[in-house]
Amino acid sequence: MIKELEKSLKSLGDRNRLRIVNMLKDRAMCVCEITDILKLSQSTVSGHLRILKEAGIVDDTKNGLWVEYHLCRDRQMNEQLLDLAQTIFETDKEMQTERKRASRADRQILCKK
């Protein structure tokens, strides 16, 4: 259990990964949507998602042409960590803005660029 906690905390120890977790709070997203909002390269976003997935924070599901990433809330530790993070995200204006942008992101448009 302590190794799982250590891995989870390390995965959340990066601002961009925290930003991704914040955006995935409300809905699953594909890499192109996350890339557009964070203004990071596709490879950088994919790397962050890989780290979060290895830590069990996010998981992915194939949906047609896209791979959708979503938060894993099936582990009690994740639920508690994500609830704590969300409490902090709600006080940060940048996180609030990105979450609003994430709710309006449209992969049908973004992924055709």
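Just so you know, all these numbers are worked out from the coordinates, no wet-lab data involved. Treat the numbers as computed from the prediction; the structure is a model and nothing was measured. Note that each Cβ is placed from the backbone with ideal geometry, even for glycine, and that neighbours are counted across all protein chains shown.
Output the pairs from Lys25/Lys100; Lys25/Lys62; Lys3/Lys93; Lys3/Lys39; Lys53/Lys93 with a Cα-Cα distance over 23 Å in this structure; if there are none, say none. Mind dumping the intermediate values first?
Numbers: Lys25/Lys100 11 Å; Lys25/Lys62 19 Å; Lys3/Lys93 33 Å; Lys3/Lys39 32 Å; Lys53/Lys93 26 Å.
Exceeds cut-off: Lys3/Lys93; Lys3/Lys39; Lys53/Lys93.
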Full-stretch length increase - Arg50, Thr87 - with 0.36 nm per residue and alpha-carbon distance subtracted = 10.9 nm
Distance histogram for the range 65-113 (every C-alpha pair counted, 5 angstrom bins, percent rounded to whole numbers) = 5, 16, 17, 21, 19, 14, 8, 1
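Using 0.36 nm per residue of separation minus the Cα-Cα distance, give me the extension gain between Asp74 and Cys111 in nm, one decimal. Please list the in-between numbers first.
Values: separation 37, 0.36 × 37 = 13.32 nm, distance 2.96 nm.
Extending this stretch completely gives an extra 10.4 nm.
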task = Report the Cys residues of the chain lacking a disulfide-compatible partner, meaning no second Cys Cβ under 4.7 Å from their Cβ.
result = Cys30, Cys72
ask   = Based only on the alpha carbon positions, what is the Kirkwood hydrodynamic radius of the chain, in angstrom?
value = 14.2
